[in-house]
């Protein structure tokens, strides 16, 4: 297998975890806002 | 200057508008000094990770330069060694720092020793958090993108950062860090598939790079690798790490957050290292024109990315630097207002006075950085000088404070800071006065200034501590 696939996997993983973290960030943000209201 | 499509300019402008808008509205969140300094100690896990990862990564051009010139060894020296120190920090320091409920590193020094240690520590801390190398990078990036003179980019970036940091304090810092974190990660990741598609897989790299580029050590000597490895100890006295630990919502977040951040750094560093290597291989194969190793990262991006994605990448690049400049600027300002003004010179100061002093501190810190950055012409030299002096002063007193349970002498802490930094400074000056034929400094005994600095600091601490604590009895 070409090692480039691993590199591709690495970049894909970076994008996915970034999106997951962003999702949790907004979830916390909205939850905090609701609690305040 | 790069040739960009209109859409790229629009993306960059939108980014700046977002920063301005955030700076404008964030002020509502600030109710007291705790909000201003530490975002009310309410950082949740995702924002803790985003602000730590993005702040820590200010040197994308430097990393591009190293991977372009030397290949995979960049990952070993700028990645692997650091992960080890981050792990140590996560398991042994992070939660302790949060539990101490303080604000800064000098606060810790006063808790372990006395006011004089706070004062001296604050000065070294201020030197370490000067955003000068990153202010310089910021100017450089603007000059590459728009073809401006260095000072124009520096001035423009500085104005934006001062605006939102003054208004929103640490809140503004961490929320802008989130935008910047997102842009950095996506911007860096998207080059990889295009590089593989355009140039080919690993065969392309092996065919067009010197063999050493693909080895772990890049043909470097063990001492050279260890010197870079030792620089990773910077983390143990890094004010940005401490500040984020203090600001976490509860005592469990710092450890968990650092461990998750390490995951991000690993993925990110692999992308940046290989992009630098692809740039070198493409340049060797005659498929890419690269002006200099420092700007190789931008050259490969500009060759591969279509309009819009290029704009996104460039905003990511600007974001890596700006997220570091704003955090360091704010840390320097807290140094002035909290560590020196409130705790040493004017103890009766009201919250409002301290907040105003922080705002003045923001202007002083970044002003000082702008002046320094116009004098040095290399990012690496600046970073290295600052790091060596700061680390050799602070690491021993801080670590002893955290881990040595016996009686500690304030005198030992002060003398160790002075001799540690003094020794490395002397070593460094002496090295620069004796340049070899290549123009590199020749250090006494061939040792880099950090080693004798740390050794002197440790030896002096131990000896003075033994003698002085006996007398104290």
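Look at residue B:358 and say whether it is modelled with pLDDT of 90 or more, within 20 Å of the chain's Cα centre (by Cα), in the same structural domain as residue B:159 (by TED's automatic domain parsing) and at negative phi. Write out each step before concluding.
Numbers: modelled with pLDDT of 90 or more: yes; within 20 Å of the chain's Cα centre (by Cα): no; in the same structural domain as residue B:159 (by TED's automatic domain parsing): yes; at negative phi: yes.
In short, no.
Pairs please, first residue from the range B:351-374 and closer than 19 Å to residue B:385 by Cα, second anywhere and outside any helix (DSSP H, G or I), Cβ atoms under 8 Å, 6+ apart in sequence or on different chains.
Every condition considered, the pairs that remain are B:365/B:129; B:365/B:130; B:365/B:131; B:366/B:131; B:368/B:130; B:369/B:130; B:369/B:131; B:372/B:130.
Could you look through the range B:223-250, keep only residues that are surrounded by fewer than 17 Cβ atoms within 10 Å (Cβ to Cβ) and closer than 17 Å to residue B:75 by Cβ, and pick out the one that is modelled with the lowest pLDDT?
Of everything passing the filter in the range B:223-250, B:224 is modelled with the lowest pLDDT.
Just to check your reading of the model, which residue among B:329, B:294 is part of a loop (DSSP other than H, G, I, E, B), buried (at least 20 other Cβ atoms within 10 Å of the Cβ) and within 28 Å of the chain's Cα centre (by Cα)?
Numbers: B:329 fails: part of a loop (DSSP other than H, G, I, E, B).
Being part of a loop (DSSP other than H, G, I, E, B), buried (at least 20 other Cβ atoms within 10 Å of the Cβ) and within 28 Å of the chain's Cα centre (by Cα) holds for just one of B:329, B:294, which is B:294.
Does residue B:85 qualify as being surrounded by fewer than 22 Cβ atoms within 10 Å (Cβ to Cβ) and part of a helix (DSSP H, G or I)?
yes
Could you say whether any residue in the range B:54-61 is surrounded by 15 or more Cβ atoms within 10 Å (Cβ to Cβ), touching a helix residue (DSSP H, G or I) at 6+ places or on another chain (Cβ under 7 Å), away from chain A (no Cβ under 14 Å) and within 15 Å of residue B:172 (Cα to Cα)?
yes
Could you tell me whether any residue of the range B:61-72 is assigned by TED's automatic domain parsing to the domain that holds residue B:144, free of Cβ contacts under 8 Å to residues at least 60 places away in the same chain and not in a loop (DSSP other than H, G, I, E, B)?
no
Taking into account only those residues within the range B:245-276 that are in contact with a strand residue (DSSP E or B) (Cβ under 8 Å, 6 or more places away or on another chain) and in a helix (DSSP H, G or I), which is nearest to residue B:190 (Cα to Cα)?
B:257
Only one residue in B:324, B:381, B:385 is out of contact with any helix residue (DSSP H, G or I) (no Cβ under 8 Å at 6 or more places or on another chain), modelled with pLDDT under 90 and under 19 Å from residue B:124 (Cα atoms). Which one?
Checking each option against the conditions leaves just B:381.
Any chance the range B:203-212 includes a residue that's facing chain A (nearest Cβ under 10 Å), closer than 30 Å to residue B:88 by Cα and at pLDDT 90 or above?
Checking the range B:203-212: not a single residue is facing chain A (nearest Cβ under 10 Å), closer than 30 Å to residue B:88 by Cα and at pLDDT 90 or above.
Say we look at the range A:1-22 and pick out the residues that are facing chain B (nearest Cβ under 8 Å) and either outside any helix (DSSP H, G or I) or touching a strand residue (DSSP E or B) at 6+ places or on another chain (Cβ under 8 Å) (or both); which of these is nearest to residue B:277 (Cα to Cα)?
A:3
Of all the helices (runs of 4 or more DSSP H) wholly in the range B:129-244, which have at least 3 residues that are farther than 23 Å from residue B:71 by Cβ and under 20 Å from the mean Cα position of the chain (by Cα)?
Once the helices (runs of 4 or more DSSP H) in the range B:129-244 are filtered for at least 3 residues that are farther than 23 Å from residue B:71 by Cβ and under 20 Å from the mean Cα position of the chain (by Cα), what remains is B:132-146, B:150-189.
Go through the range B:39-54 and report how many residues are assigned to a helix (DSSP H, G or I) and touching a strand residue (DSSP E or B) at 6+ places or on another chain (Cβ under 9 Å).
Looking only at that region, the number is 4.
Going through the range B:91-124 one residue at a time, which ones are on the phi < 0 side of the Ramachandran plot and part of a loop (DSSP other than H, G, I, E, B)?
Listed by number, the residues that qualify are B:102, B:103, B:104, B:113, B:114.
Which of the residues that make up the range B:259-303 are more than 22 Å from residue B:81 (Cβ to Cβ) and within 13 Å of chain A (Cβ to nearest Cβ)?
Within the range B:259-303, B:278, B:281 meet the criteria.
So residue B:195 passes all but one of these: (1) over 30 Å from residue B:387 (Cα atoms); (2) out of contact with any helix residue (DSSP H, G or I) (no Cβ under 6 Å at 6 or more places or on another chain); (3) within 14 Å of chain A (Cβ to nearest Cβ). Which condition number does it fail?
Only one criterion is unmet by residue B:195, namely (2).
Does residue B:104 count as within 19 Å of residue B:401 (Cα to Cα), under 18 Å from the mean Cα position of the chain (by Cα) and more than 14 Å from chain A (Cβ to nearest Cβ)? It would help to see each step written out before you state the result.
On the way: within 19 Å of residue B:401 (Cα to Cα): yes; under 18 Å from the mean Cα position of the chain (by Cα): yes; more than 14 Å from chain A (Cβ to nearest Cβ): yes.
Against the criterion (within 19 Å of residue B:401 (Cα to Cα), under 18 Å from the mean Cα position of the chain (by Cα) and more than 14 Å from chain A (Cβ to nearest Cβ)), residue B:104 qualifies.
Let me confirm something: among B:137, B:54, B:100, which residue is at pLDDT below 95 and within 28 Å of residue B:224 (Cβ to Cβ)?
Among B:137, B:54, B:100, only B:137 is at pLDDT below 95 and within 28 Å of residue B:224 (Cβ to Cβ).
The values are calculated or read from the model by the stated rules, or taken from the named source; none is laboratory data. In this text the structure is predicted, and so the values were computed from the model without any measurement. Neighbour counts run over all protein chains shown; Cβ positions are idealised from the backbone, glycine included.
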